[in-house]
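Written below as structure tokens is the structure these notes are about.
The values are calculated or read from the model by the stated rules, or taken from the named source; none is laboratory data. Being a predicted model, the structure only gives us computed values, none of them experimental. Neighbour counts run over all protein chains shown; Cβ positions are idealised from the backbone, glycine included.
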Amino acid sequence: MTNSPLTPGIAPARLPADRIVGNFADHEPPLDQHEAHVAADRCYFCHDAPCVTACPTSIDIPLFIRQIATGTAESAATTIWTQNILGGMCARVCPTETLCEEVCVREVAEGKPVEIGRLQRFATDTAMARGLHPFARAAATGRTVAVVGAGPAGLACAHRLALHGHEVMVYERRAKAGGLNEYGIASYKSTGNFAQREVEWLLQIGGITVQTGVELGRDIKLEGLLAMHDAVFLGIGLGGVNALRAAGEDKAGVANAVDFIAELRQTDDLTTLPVGRDVVVIGGGMTAVDAAVQSKLLGAENVTIVYRRGQDRMSASGYEQEHATSVGVRIICNAAPVAVHGNGAVREVEFGYVADTADGLQPTGETFRLKADQVFKAIGQTLSGVPAGAALEGGKIAGLPARVWAGGDCTGGGEDLTVTAVAQGRDAAEAIHVSLMGVAG
Amino acid sequence: MANLTTDFIGIKSPNPFWLASAPPTDKEYNVRRAFEAGWGGVVWKTLGSEGPPVVNVNGPRYGAIWGADRRLLGLNNIELITDRPLEVNLREIKSVKRDWKDRALIISLMVPCDEESWKDILHRIEDTEADGVELNFGCPHGMAERGMGSAVGQVPEYIEMVTRWVKQHSRMPCIVKLTPNISDIRKPAEAAKRGGADAVSLINTINSITSVNLDSFSPEPMIDGKGTHGGYCGPAVKPIALNMVAEIARSPETHGLPISGIGGVTTWRDAAEFMALGAGNVQVCTAAMTYGFKIVQEMISGLSQYMDDKGMTSTADLVGRAVPNVTDWQFLNLNYVTKAQIDQDLCIKCGRCYAACEDTSHQAIAMLPGRVFEVKDEDCVACNLCVNVCPVENCITMTEMPKGAVDPRTGDTVGDYANWTTHPNNPSVAAE
């Protein structure tokens with residue numbers, strides 16, 4: 001029997017294979033050369049450009065765009081990578097509409113910013129297609145550094161350390177390097193196995209060894225790493241997931257959105273991936289949107305995001321919210337889960353409306369139920385597996401023993417974005433380098 | 001609706017938009033299409049003398065430069081005069097003119113620099129009933145070895161001599177087309193006038209290499225790895241052409257000599273500018289080659305609307321209106337003091353004015369917190385660079401300081417008109 005969006009329960013292949021393939025194709029197709037030149041020509045080459053300030057990695061955006069405009073996209077890529085070695089992925093996943101493009105003077109003036117993200121992708125794709133890796137290692141320093149976590153922060157840190165001539169050992173608990181780039185980004189934002197291709201490209205610098213399947217706390221200990229290496233960088237991300245704290249959340253069909261997203265990314269044939277007919281996603285961030293949109297693209301009939309605060313408080317950008325609603329996802333705000341109902345498996349989720357008051361969220365007393373055979377929890381991730389000796393503040397690593405640095409989502413300072421993690425990993429590498437060599441640069 | 005009919009040296013046309021002697025006017029087929037589209041006149045592509053026609057290259061004839069969206073800004077060509085037999089051209093000219101009596105049809109000519117050759121060609125074209133001739137002394141290629149084209153156009157004495165022959169052996173109105181590849185455009189214009197020319201037309205194309213291929217190191221357009229200078233035209237040459245037209249229009253020696261304006265005319269506005277600087281009509285080529293003949297409709301409607309808005313009823317009301325305002329530098333009013341002013345509501349905070357002023361001008365713009373840009377009147381020399389680099393129209397403007405005000409930069413009071421000729425720093429004034 002062929003499945004359809006109306007098939008009850010959780011089922012694969014709700015849409016014909018070609019529709020599913022089409023749904024997960026490049027969300028925003030790459031610019032071709034002419035489009036890139038036209039888009040680049042719109043850049044005003046601002047003095048002390050606001051876009052550079054808005055970029056967590058401070059990429060010299062006007063310069064790289066001018067380099068594209070003058071037919072040297074490869075030089076543009078070098079400009080990008082010098083600040084952000086994962087510029088290719090960031091071009092795909094950065095919420096540019098709340099970063100560089102939000103402050104572009106043409107966004108302010110006309111509501112139509114220079115397409116910085118797409119231009120960045122054009123530059124990095126062009127250079128990667130030519131097999132360019134415009135960095136060469138400095139002479140070996142004889143120092144070794146352990147990097148825990150092969151996510152954006154760890155990779156950025158490792159590359160910069162290797163560049164300075166240090167020997168880097170990367171320990172990754174999962175089967176593949178890439179972190180959230182590999183396991184946590186919506187599939188249509190990173191097509192063509194880009195995350196792995198980018199990791200392979202990055203490792204061309206040399207001097208970096210990646211060990212996968214090695215988990216801090218289980219297989220290795222911080223003390224052991226410190227004994228073997230001159231310094232340690234922790235880029236362990238957020239390994240835990242917040243609970244709903246609603247009755248019945250242990251019922252079958254209730255899962256973590258991050259696990260669903262990861263499974264989807266690791267599924268070669270998406271027609272084999274089951275999805276519910278009625279999917280409810282609880283949360284208001286990018287993870288919620290990614291889980292909801294992809295459920296819809298797999299063929300779920302009804303997908304609803306339920307968020308406990310007002311829509312303006314959602315951490316998913318306006319652009320992401322619009323994308324969700326454009327594919328047919330419904331967004332309900334000011335409602336929090338009360339209970340998950342069902343006999344063994346989830347059948348309905350009960351929500352109570354809440355008012356966002358000065359005294360915090362207050363239930364209004366009014367409730368409603370949504371049909372659900374699959375529920376994704378996307379109400380935030382938490383730090384887990386923190387090594388002894390690390391001090392926490394606000395659920396993030398805030399203090400570390402000597403010779404240990406950290407960056408990325410496991411630390412505070414900035415949003416939990418790929419680009420922020422890259423900046424922190426890079427800057428930690430510079431700090432480690434200074435510490436090891438006793439000199440700047 | 002304004003009357004666009006023009007009478008240029010006795011040649012009438014329903015509008016002042018003519019197609020210049022160039023590839024678009026090389027054949028009956030093209031010229032008929034042009035007239036059907038509404039062009040007021042056509043200068044038929046240059047005819048040579050009797051005998052085997054010239055040959056053109058068989059590779060690219062045109063090179064170009066573009067803006068970002070492939071907008072063609074400048075074009076150059078290495079095409080010669082017509083490469084079709086003289087008889088064919090003459091037959092076609094006659095055929096077209098018979099059917100399009102209300103349109104101007106001028107024949108461009110270029111023959112060897114001897115009286116017999118000119119006498120002969122003039123005799124041959126008499127029968128076509130064309131309205132006039134244009135002497136091509138400007139083709140950058142010419143046929144220098146045979147004393148034609150710019151080889152003549154760069155020597156005022158030759159221009160005068162040939163023009164005199166033409167006027168002697170023909171009753172047709174005679175337009176002399178001038179090459180810009182010369183240091184003082186007034187000299188050939190004066191020579192043409194002395195020779196009896198009824199008008200001059202300018203500019204012909206400018207010697208140019210559009211680009212160099214950085215892989216093969218050949219100039220563009222490239223013929224088998226080599227290139228040669230071509231004639232540059234299109235929007236990019238308009239400012240050069242406007243100046244040369246103005247120089248002739250305001251020179252006492254040539255003032256009043258009818259001018260047909262050529263050089264980058266792309267829109268009605270360009271045409272109006274040429275006419276304001278003294279051109280009685282304009283000739284167009286690159287714009288037609290870029291967009292096709294239909295553009296003349298916009299030129300007609302645009303010029304009509306402009307003239308209506310200005311209360312002008314005939315093109316004569318427009319021609320030459322700006323000429324009295326073209327002067328020499330030493331007569332510019334040194335007591336005209338302006339200051340840049342930035343409209344903070346329009347400013348989009350790109351900072352280009354700041355970068356331009358700070359790096360390359362007079363450090364007269366302050367960058368304040370919040371990316372607010374403000375002009376420092378005490379440093380502003382009113383150079384206008386900020387106005388020119390600002391991407392927002394009318395965001396930065398020049399405001400004139402009223403008479404009696406004190407310029408905070410110089411401490412001087414703005415006074416009455418005074419120019420360099422009476423300025424104390426002028427050595428020739430001090431010598432008196």
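For A:Ala402, all conditions in the list (1) exposed (fewer than 14 other Cβ atoms within 10 Å of the Cβ); (2) at pLDDT below 95 hold save one; what is the number of the exception?
(2)
Could you identify the single residue in A:Gln204, A:Gln266 that is of a type in the set (S, T, N, Q) and within 20 Å of the chain's Cα centre (by Cα)?
A:Gln266
Would you mention how many residues in the stretch A:75-103 are within 14 Å of another protein chain (Cβ to nearest Cβ) and either in contact with a Cys (Cβ under 7 Å, 6 or more places away or on another chain) or on the phi > 0 side of the Ramachandran plot (or both)?
So the count comes out to 1.
Could you figure out which of (1) within 14 Å of chain B (Cβ to nearest Cβ); (2) closer than 26 Å to B:Cys353 by Cβ; (3) surrounded by fewer than 18 Cβ atoms within 10 Å (Cβ to Cβ) isn't true of A:Thr72?
(2)
Condition check ((1) outside the structural domain of A:Val289 (by TED's automatic domain parsing); (2) closer than 24 Å to A:Ala291 by Cα; (3) outside any strand (DSSP E or B)) across all residues:
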position: A:Pro337; (1), (2), (3): no, yes, no
position: A:Phe351; (1), (2), (3): no, yes, no
position: A:Ala355; (1), (2), (3): no, no, no
position: A:Gly413; (1), (2), (3): yes, no, yes
position: A:Val419; (1), (2), (3): yes, yes, yes
position: A:Gln424; (1), (2), (3): yes, no, yes
position: A:Glu430; (1), (2), (3): yes, no, yes
position: A:His433; (1), (2), (3): yes, no, yes
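Any chance you could count how many residues in the stretch B:335-347 are hydrophobic (A, V, I, L, M, F, W, C) and away from every other protein chain (no Cβ under 13 Å)?
The qualifying residues number 3.
When the residues of the stretch A:106-150 are narrowed to those that are within 14 Å of chain B (Cβ to nearest Cβ) and of a type in the set (Gly, Ala, Ser), which ends up surrounded by the most Cβ atoms within 10 Å (Cβ to Cβ)?
Going through the qualifying residues, I end up with A:Ala109.
Got a sec? Which of A:Thr82, A:Thr53 is of a type in the set (Val, Ile, Thr), under 26 Å from A:Pro152 (Cβ atoms) and without any contact (Cβ under 8 Å) to a residue 24 or more places away in the chain?
A:Thr82
Could you please find all residues in the stretch A:43-62 being closer than 15 Å to B:Gly351 by Cα and part of a loop (DSSP other than H, G, I, E, B)?
A:Cys43, A:Tyr44, A:Phe45, A:Cys46, A:His47, A:Asp48, A:Ala49
Only one of B:Cys350, B:Cys383, B:Cys357 is farther than 24 Å from A:Glu102 by Cβ, within 14 Å of chain A (Cβ to nearest Cβ) and not charged (D, E, K, R); which?
Just one listed residue meets the conditions, B:Cys357.
Answer yes or no as to whether A:Leu297 is touching a Pro at 6+ places or on another chain (Cβ under 7 Å) and either surrounded by fewer than 24 Cβ atoms within 10 Å (Cβ to Cβ) or at pLDDT 95 or above (or both).
Answer is no for this residue.
Has the stretch B:73-86 got any residue that is within 14 Å of chain A (Cβ to nearest Cβ), on the phi < 0 side of the Ramachandran plot and not small (Gly, Ala, Ser)?
Yes - at least one qualifying residue is present in the stretch B:73-86.
Pull up the stretch B:347-389, narrow it to residues that are charged (D, E, K, R) and within 36 Å of the chain's Cα centre (by Cα), then point me to the one that is surrounded by the fewest Cβ atoms within 10 Å (Cβ to Cβ).
The selected residue is B:Asp359.
Starting from the stretch A:56-69, keep only residues that are within 14 Å of another protein chain (Cβ to nearest Cβ), then list their pairs with residues that are assigned to a helix (DSSP H, G or I) and charged (D, E, K, R) whose Cβ atoms are within a distance under 7 Å, requiring at least 6 positions of separation or different chains.
Final answer for the pair search is A:Ala69/A:Asp41.
Which of the helices (runs of 4 or more DSSP H) found entirely inside the stretch A:74-139 contain at least 1 residues meeting this: under 17 Å from A:Thr420 (Cβ atoms) and not assigned by TED's automatic domain parsing to the domain that holds A:Thr287?
Hits in the stretch A:74-139: A:87-93, A:100-103, A:116-129.
So is B:Val392 within 14 Å of chain A (Cβ to nearest Cβ), surrounded by 15 or more Cβ atoms within 10 Å (Cβ to Cβ) and of a type in the set (A, V, I, L, M, F, W, C) or not?
Taking the combined requirement at face value, the residue satisfies it.
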